[in-house]
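A.B. asks: Once you've had a glance at the structure underneath, I'll fire off some questions.
The values are calculated or read from the model by the stated rules, or taken from the named source; none is laboratory data. This one's a predicted model, so the numbers in the text were calculated from it and none came from an experiment. Cβ placement follows ideal geometry from the backbone for every residue including glycine, while neighbour counts extend to all protein chains displayed.
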Amino acid sequence: MAERRLVEAEAPTERGAAFLRLADQHLDSAYRLARAILRDAAEAQDATHDAFLQAWRKWPTLHDPAAFESWFDRILVNTCRNRLQAGTRRRATDISAEVSLRARDPFGPAIDRQVIGDAVSTLSPDHRVVVALRYFRDLPIDEIARRLGIPPGTVQSRLHYALKRLHAVIDAADAKGMAR
C-alpha cells in the first residue's frame, strides 16, 4: 500500500517536470508569436505568462505531450486575441519615425519594420492571428486551420483580406514618405 501512494505521489511530479521541460523549450517561440500578434513587448510578455499559467492549469487535459506545441499555441493565440479584443490598455505612440532623418540613413530598415508593424496593428484580432501564424511561425494553411479550429478556406480568406489591408496601409505610409 505504501508503494502505491509513493507511485501516485511521484506521477504528478514527473508530469510537472515534463511540463517545465516543454514550457522551457517553447518559451522563446511563444513570446515571439505573442509579440507578432500584439505588437507590444510588455503585452506579449504578459500574454505569454498568462498562457503558460492557463496551460499549467489545463495540463492534465493534454493526453499526448507530443501535441504540446499546437495545444499551447491555441491557448496563446486565444490569450492574445482576448487581449486585443479587450483593448483596455492605452498604447504609447512612438514618434521616433517622425523625428528621424529620411535621407539614406542606417536606420532605414528599422523604419520599414516600424511601418510594417504599424500596418499589422491595424488588422483585426482574427486577421492578425492568421498573419502571425503564417508569416512569423511559418505554418501552412492547413496547420493554422487545425490549430485555430476553423476551416482552411476561412484561413485563406482571412489571409487574403489581411494582406490586402496591409498593402493599403503600407502604400499609404509610403505615399506619406514614412517608408523608404
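A.B. asks: Of the residues that sit in the stretch 137-153 and are among the acidic types (Asp, Glu) and at pLDDT 90 or above, which one is surrounded by the most Cβ atoms within 10 Å (Cβ to Cβ)? Before the answer, list the steps.
C.D. replies: The first filter runs over the stretch 137-153 and keeps only residues among the acidic types (Asp, Glu), leaving 138, 142-143.
Still in the list and also at pLDDT 90 or above: 142-143.
Details: 142: 10, 143: 17.
Result: 143.
A.B. asks: Which of the numbered conditions does residue 69 fail, given that it passes all the others? Conditions: (1) out of contact with any helix residue (DSSP H, G or I) (no Cβ under 8 Å at 6 or more places or on another chain); (2) under 23 Å from residue 31 (Cβ atoms); (3) at pLDDT below 90.
C.D. replies: Here residue 69 clears every test but (1).
A.B. asks: Taking interchain pairs and intrachain pairs at least six residues apart, which have beta carbon atoms under 9 angstrom, with the first residue in the stretch 39-63 and on the phi > 0 side of the Ramachandran plot and the second loosely packed, with under 13 Cβ neighbours inside 10 Å and assigned to a loop (DSSP other than H, G, I, E, B)?
C.D. replies: 39/91
A.B. asks: Is it the case that some residue within the stretch 29-39 is farther than 19 Å from residue 127 by Cα and of a type in the set (Phe, Trp, Tyr)?
C.D. replies: Within the stretch 29-39, the first condition is being farther than 19 Å from residue 127 by Cα, and the residues that meet it are 29.
Of the ones still in play, those that are also of a type in the set (Phe, Trp, Tyr) are none.
Within the stretch 29-39 (the criterion being farther than 19 Å from residue 127 by Cα and of a type in the set (Phe, Trp, Tyr)), the answer is no, since none of the residues qualifies.
A.B. asks: Assuming residue 21 fulfils every condition listed in (1) surrounded by fewer than 17 Cβ atoms within 10 Å (Cβ to Cβ); (2) within 17 Å of residue 135 (Cα to Cα) apart from one, which condition is it?
C.D. replies: Here residue 21 clears every test but (2).
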